[in-house]
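Read the figures in this text as sums done on the coordinates, not as results from a lab. The structure displayed is predicted, hence computed values, not measured ones. When we count neighbours, we look across all protein chains shown, and the Cβ atoms used for this are built from the backbone with ideal geometry, even at glycine.
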Amino acid sequence: MSTSNPNSRISRLADRTEEEQIECGNVVLEGAQEVLADEAAGKAAVRFALTQAVLSLRDVLLIAHSRGQRLPDTEVR
């Protein structure tokens, strides 16, 4: 299977997976912002929010790296 065709089965699956990871990251961000805004939030809540934020950041960075690999090299030499 090839990912060079944006309409291929694997490319569409990758796009859907990336969309889900980004949406999950948005949900995690909102939750983390709520925890940080709550001065009564305990250590466990802050630690949980940070852990989820780190996991989401990892996923988004993987997406960015993957998409960067698919971009044509347009650097002028």
T51 being surrounded by fewer than 12 Cβ atoms within 10 Å (Cβ to Cβ), out of contact with any Lys or Arg (no Cβ under 9 Å at 6 or more places or on another chain) and of a type in the set (V, I, T): no
For Q33: the one exception among (1) farther than 24 Å from L62 by Cα; (2) not in a loop (DSSP other than H, G, I, E, B): (1)
Filter result (loosely packed, with under 13 Cβ neighbours inside 10 Å and under 28 Å from G68 (Cα atoms)) within region 18-38: E19, E20, E23, N26, V27, E30
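Table: residues versus (1) without any contact (Cβ under 8 Å) to a residue 24 or more places away in the chain; (2) under 30 Å from P6 (Cα atoms); (3) part of a helix (DSSP H, G or I); (4) over 14 Å from the mean Cα position of the chain (by Cα).
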{"position": "V28", "(1), (2), (3), (4)": "no, yes, yes, no"}
{"position": "A40", "(1), (2), (3), (4)": "yes, no, no, yes"}
{"position": "F48", "(1), (2), (3), (4)": "yes, no, yes, yes"}
{"position": "V54", "(1), (2), (3), (4)": "yes, yes, yes, no"}
{"position": "L57", "(1), (2), (3), (4)": "no, yes, yes, no"}
{"position": "V60", "(1), (2), (3), (4)": "no, yes, yes, no"}
{"position": "A64", "(1), (2), (3), (4)": "yes, yes, yes, no"}
{"position": "T74", "(1), (2), (3), (4)": "yes, yes, no, yes"}
